[in-house]
1. What are the pairs, 6+ residues apart or on separate chains, where a residue within the range 21-49 that is modelled with pLDDT of 95 or more has its Cβ under 6 Å from a residue that is acidic (D, E)?
2. Does E77 satisfy the criteria of being in contact (Cβ under 8 Å) with a residue 60 or more places away in the chain and either in contact with a Gly (Cβ under 6 Å, 6 or more places away or on another chain) or closer than 18 Å to D153 by Cα (or both)?
3. Consider the range 41-85. How many of its residues are of a type outside the set (G, A, S), within 16 Å of F8 (Cα to Cα) and touching a strand residue (DSSP E or B) at 6+ places or on another chain (Cβ under 7 Å)?
4. Which residue out of I59, I102 is crowded, with 23+ Cβ neighbours inside 10 Å and not aromatic (F, W, Y)?
5. Within the range 43-67, track down each residue that is of a type outside the set (A, V, I, L, M, F, W, C) and in a helix (DSSP H, G or I).
6. Can you find a residue in the range 33-42 that is part of a loop (DSSP other than H, G, I, E, B), in contact with a helix residue (DSSP H, G or I) (Cβ under 6 Å, 6 or more places away or on another chain) and surrounded by 15 or more Cβ atoms within 10 Å (Cβ to Cβ)?
7. Given K134, K112, K144, which one is of a type in the set (K, R), without any contact (Cβ under 8 Å) to a residue 60 or more places away in the chain, out of contact with any helix residue (DSSP H, G or I) (no Cβ under 7 Å at 6 or more places or on another chain) and exposed (fewer than 14 other Cβ atoms within 10 Å of the Cβ)?
8. Given (1) touching a His at 6+ places or on another chain (Cβ under 7 Å); (2) of a type in the set (A, V, I, L, M, F, W, C); (3) more than 17 Å from T129 (Cα to Cα), identify the lone condition not met by L48.
Amino acid sequence: MKKIKNPFAHIEGYNCFGCSPKNSLGLQMQFYEDGDWIICEWEPKMHLTGYGNILHGGIQTTLMDEIASWVLYVKLETSGVTSNINVKFRKAVEANKGKLKIRAKLTDHNRKLATIYTELINADGMVCTNAEVKYFIFSQVVAKEKFNYPGKDAFFE
């Protein structure tokens, strides 16, 4: 597994709810590349629960949407925006049972659209939630000029 750096962290005003290390209320996700997969190990925070001790479904969806964007950065060397996300909640995710693994991989793409499979796995190794995320893909020129995409090399040591 290879650690992925967050090259956006130094940008003034960068406060992404999903991945900014400086957003104390955010998810502060960190990523790794493992073959075709982008992976995040993440410890749930109790203020992100819904009913009882269950991780809120909107937070689960956000985790999968966020990791899908990092697939674009690393695997397609560009950025984009979410077009559609189809989430399937299969098993309740208890927030106090240890770290979760969120992983994603590119399953299809063309010039304008990428399809990314994501899954959220509990500490017992069970897939609790999965989603197919579709992203509109920006050209590399647009990604660099409008969305601060720094190029693939900026994500690795």
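The values are calculated or read from the model by the stated rules, or taken from the named source; none is laboratory data. Every value quoted in this text rests on a predicted model; they were computed, and no experiment measured them. Note: ideal-geometry Cβ built from the backbone for every residue, glycine included; neighbour counts use all protein chains shown.
1. M29/E66
2. Values: in contact (Cβ under 8 Å) with a residue 60 or more places away in the chain: yes; either in contact with a Gly (Cβ under 6 Å, 6 or more places away or on another chain) or closer than 18 Å to D153 by Cα (or both): yes.
Spelling it out, E77 is indeed in contact (Cβ under 8 Å) with a residue 60 or more places away in the chain and either in contact with a Gly (Cβ under 6 Å, 6 or more places away or on another chain) or closer than 18 Å to D153 by Cα (or both).
3. So in the range 41-85, the residues of a type outside the set (G, A, S) come out as 41-49, 51, 53-56, 59-67, 70-78, 81-82, 84-85.
Now restrict to residues that are within 16 Å of F8 (Cα to Cα): 66-67, 70-74, 77-78.
Filter again for touching a strand residue (DSSP E or B) at 6+ places or on another chain (Cβ under 7 Å), leaving 67, 70-72, 74, 78.
Matching residues across the range 41-85 total 6.
4. Numbers: I59 fails: crowded, with 23+ Cβ neighbours inside 10 Å.
Answer to the selection: I102.
5. So in the range 43-67, the residues of a type outside the set (A, V, I, L, M, F, W, C) come out as 43-45, 47, 49-53, 56-58, 60-62, 65-66.
H47, G57, G58, Q60, T61, T62, D65, E66, listed by residue number.
6. Here is the first cut: in the range 33-42, the residues part of a loop (DSSP other than H, G, I, E, B) are 35-36.
Next cut, in contact with a helix residue (DSSP H, G or I) (Cβ under 6 Å, 6 or more places away or on another chain) only: none.
No - not one qualifying residue is present in the range 33-42.
7. Values: K134 fails: exposed (fewer than 14 other Cβ atoms within 10 Å of the Cβ); K144 fails: exposed (fewer than 14 other Cβ atoms within 10 Å of the Cβ).
Answer to the check: K112.
8. (3)
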